[in-house]
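Novice: Dumping the structure here so I can ask a few things about it.
The values are calculated or read from the model by the stated rules, or taken from the named source; none is laboratory data. All of these numbers come straight from a predicted model, not from anything done at the bench. FYI the Cβ positions are ideal-geometry reconstructions off the backbone, even for glycines, and counts take in every protein chain you see. SASA here: full protein model, heavy atoms, side chains in, ligands and nucleic acids out. Shrake-Rupley method; radii C 1.70, N 1.55, O 1.52, S 1.80 Å.
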Amino acid sequence: MEEEEIYEGVRAQFPLSFGKQSKPQTPLEAVHNATRRSSSNSNSKTTNELPSLSSSSREWLNSLRPSKNPTPPPQPDHDDPPMVGPPPPPPSAADDEEDDDMIGPPPPPPNASDSEDDSDQDEVGTRFRIPLSNEIVLKGHTKVVSALAVDHTGSRVLSGSYDYTLRMYDFQGMNARLQSFRQLEPFEGHQVRNLSWSPTADRFLCVTGSAQAKIYDRDGLTLGEFVKGDMYIRDLKNTKGHISGLTCGEWHPKTKETILTSSEDGSLRIWDVNDFKSQKQVIKPKLARPGRIPVTTCAWDRDGKCIVGGIGDGSIQIWNIKPGWGSRPDVYIEKGHEDEISGLKFSTDGRILLSRSFDGSLKVWDLRKTKEPLKVFEDLPNHYGQTNIAFSPDEQLFLTGTSVERESSTGGLLCFFDRVNLQLVSRVGISPTSSVVQCYWHPKLNQIFATTGDKSQGGTHILYDPTLSERGALVCVARAPRKKSIDDFEAKPVIHNPHALPLFRDQPSRKRQREKVLKDPLKSHKPELPITGPGFGGRVGTSQGSLLTQYLLKKGGMIKETWMEEDPREAILKYADVAAKDPKFIAPAYAETQPDPVFAKSDSEDEEK
């Protein structure tokens, strides 16, 4: 026993393990609880009220819009003032009296409607497996985020905004601070309107409000810029590129060299990425009246064999790519919408087409019968030309965002619709003050992306569920930001011989600089002093001035201005005798041949008369 006690005592003095100790990590449950969306809202009275946001979203919104009447923190119990007066009656007695006096049926419990709404939302989430439990926000933009693109692997996210910038996020390299690793300004002073990854995810297309689309590689380096057409050529088929601002653009889903763009000049163009100087095909949509009506949006189908374009007059036109095809559309829906179209989306089987418009509606079209839409969903306000539609990975649902209206109490919503029954399934509140513009449901990550914003801020909300989603937001949320260690501290080197080299000299004070400038006659613009003594540099020193003419005039006698007092006729005639005796120019040439001039003699009689 004594040996065992001695052994245990010695063993207690040593650590349990040697080498580098692992840092204490926050459990995943605590991390996901911090980003959980609490769906219970005690103040909500209607189904249109928004569910409360996650803590990260609430902190971000509060930092942008601080509340005018902040609630004071609750005081601890031990700071309560001493009670004065008789104690209050017990609550049970009052309750009994109220129960005796109550007339009519008992009121419902206060949170009954809320619990029903929450249960309905939970049922919808479990039925369709919508990842809605948690939320994070990718921040950084100062205006509404109008463009979104997530690559096929789900590792990189691109967001473009009305603040003219494009931000790149990498889930693998991001920590819980959710900061972008690169920021670009594709075209100065032009909004970013659309972003699209190539099929291989090694390049992406950036469409701005300018007439030229740009191609970037995966790291954000510019690979090329498409040419701009000649705006003075009337026929758009003869121009080499777009002549007005772009509205939309999308990479071919199968071919990595082909790109489709639409523009405000009223044309769609197909480009080859290897040739930035000219397009492959120009498509002019069918118009009821001749003119230029902008093409507001465009899209490919899943196989890239079909193109759809939304025209500014509300029509929807579809072209099938086949040998010898031209600008004549194969499917023409004349009055698809009453206003401009902001988004179009094909289903995977190519039978269903979804369209979103400024008129506040979403329409479902059967391409086999396009005279009337299958279903029209109203009351979906839209104020942005980039509001789109997205399908769920299994295409049982489709979703779109709504814009915030001035007089409405509901904020930006994400609306989910059932494709089979063609009915509204769920309305999820994303932001109480910002509009939802672009949305995307990534099939591999099983996470929903929604871009929001207004005139002062913008962000990309990512909805996920730790039990349903994979990678993506789960990776970066669990990665805590690296703490600053003592190795990160860099002390500035102190140079003890500061004037050894000009590089290390301190800048002179401003007072010394002014004194030095005053001593320099060129920098101080000092006037020249009069020269005394002999002259130099073309200046006569004895003149007591700066010019030779002043010296001569002062001496007097050498320059006399007498022309004011002389008669001009006498001044000329005084040279007549000299000119007659010694002619120099014209007279000697005619001296031998010219007769003597004979002047008429005046008659004295005429003069007397």
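Novice: I want to confirm something. Restricting to region 472-493 and keeping residues that are part of a loop (DSSP other than H, G, I, E, B) and aliphatic (A, V, I, L, M), which single residue is surrounded by the fewest Cβ atoms within 10 Å (Cβ to Cβ)?
Specialist: My answer is ALA491.
Novice: Residues that are polar (S, T, N, Q), at pLDDT 60 or above and surrounded by 10 or more Cβ atoms within 10 Å (Cβ to Cβ): which helices (runs of 4 or more DSSP H) entirely in region 518-609 hold 2 or more of them?
Specialist: Hits in region 518-609: 548-555.
Novice: Quick one: TYR440 ticks every box in (1) open to solvent by less than 50 Å² (accessible area, probe 1.4 Å); (2) of a type in the set (Phe, Trp, Tyr); (3) within 20 Å of THR297 (Cα to Cα) bar one, so which box is it?
Specialist: TYR440 satisfies every listed condition except (1).
Novice: Same structure again: Here is a list of conditions, (1) open to solvent by 10 Å² or more (accessible area, probe 1.4 Å); (2) within 20 Å of ARG356 (Cα to Cα); (3) under 17 Å from the mean Cα position of the chain (by Cα), and THR451 meets all of them except one; can you say which number that is?
Specialist: Just one mismatch for THR451, condition (1).
Novice: Then there is this: Of everything in region 277-292 that's touching a strand residue (DSSP E or B) at 6+ places or on another chain (Cβ under 6 Å) and hydrophobic (A, V, I, L, M, F, W, C), which residue is nearest to VAL227 (Cα to Cα)?
Specialist: VAL282
Novice: Failed condition for SER327, given (1) among the small types (Gly, Ala, Ser); (2) open to solvent by less than 10 Å² (accessible area, probe 1.4 Å); (3) modelled with pLDDT under 90, with all others met?
Specialist: SER327 satisfies all of (1) among the small types (Gly, Ala, Ser); (2) open to solvent by less than 10 Å² (accessible area, probe 1.4 Å); (3) modelled with pLDDT under 90 except (2).
Novice: Please find, among ARG302, ARG289, the residue that is open to solvent by 10 Å² or more (accessible area, probe 1.4 Å), without any contact (Cβ under 8 Å) to a residue 12 or more places away in the chain and under 26 Å from LYS369 (Cα atoms).
Specialist: Just a single option satisfies the conditions, and that option is ARG289.
Novice: Right, LEU367: under 19 Å from ASN421 (Cα atoms) and open to solvent by 20 Å² or more (accessible area, probe 1.4 Å) or not?
Specialist: In short, yes.
Novice: Name every residue in region 229-268 that is under 24 Å from the mean Cα position of the chain (by Cα) and in a strand (DSSP E or B), in order of residue number.
Specialist: LEU246, THR247, CYS248, GLY249, GLU250, TRP251, ILE259, LEU260, THR261, SER262, SER263, LEU268
Novice: Shifting gears a bit: Can you tell me which residues in region 454-468 are open to solvent by less than 10 Å² (accessible area, probe 1.4 Å) and under 20 Å from CYS415 (Cα atoms)?
Specialist: Across region 454-468, the qualifying residues are GLY458, GLY459, THR460, HIS461, ILE462, LEU463, TYR464.
Conditions tested, residue by residue: (1) open to solvent by less than 10 Å² (accessible area, probe 1.4 Å); (2) among the basic types (Lys, Arg); (3) out of contact with any strand residue (DSSP E or B) (no Cβ under 8 Å at 6 or more places or on another chain).
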site	(1), (2), (3)
PHE187	no, no, no
HIS190	no, no, no
SER198	yes, no, no
THR222	no, no, no
ARG234	no, yes, yes
TRP251	yes, no, no
LYS254	no, yes, yes
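Novice: Still on this model: Considering each residue of region 200-220, count those that are buried (at least 16 other Cβ atoms within 10 Å of the Cβ) and not in a loop (DSSP other than H, G, I, E, B), and give that number.
Specialist: Number satisfying all stated conditions: 9.
Novice: Which residues, taken from region 427-437, are open to solvent by 40 Å² or more (accessible area, probe 1.4 Å) and either aliphatic (A, V, I, L, M) or touching a strand residue (DSSP E or B) at 6+ places or on another chain (Cβ under 7 Å) (or both)?
Specialist: ARG427
Conditions tested, residue by residue: (1) modelled with pLDDT of 90 or more; (2) more than 24 Å from LYS455 (Cβ to Cβ); (3) surrounded by 23 or more Cβ atoms within 10 Å (Cβ to Cβ); (4) among the charged types (D, E, K, R).
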position	(1), (2), (3), (4)
THR142	yes, no, no, no
ASP163	yes, no, no, yes
LEU166	yes, no, yes, no
MET174	no, yes, no, no
ARG182	yes, yes, no, yes
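Novice: Still on this structure, I have one more. Being aliphatic (A, V, I, L, M) and out of contact with any helix residue (DSSP H, G or I) (no Cβ under 6 Å at 6 or more places or on another chain) is the filter here; which residues of region 148-174 pass it?
Specialist: Matches in region 148-174: LEU148, ALA149, VAL150, VAL157, LEU158, LEU166, MET168.
Novice: Sticking with this one: Would you point out which residue out of LEU414, LEU380, LEU424 is surrounded by fewer than 19 Cβ atoms within 10 Å (Cβ to Cβ) and either modelled with pLDDT of 90 or more or of a type in the set (Val, Ile, Thr) (or both)? Break it down stepwise before answering.
Specialist: Numbers: LEU414 fails: surrounded by fewer than 19 Cβ atoms within 10 Å (Cβ to Cβ); LEU380 fails: surrounded by fewer than 19 Cβ atoms within 10 Å (Cβ to Cβ).
LEU424 is the lone residue from the list that is surrounded by fewer than 19 Cβ atoms within 10 Å (Cβ to Cβ) and either modelled with pLDDT of 90 or more or of a type in the set (Val, Ile, Thr) (or both).
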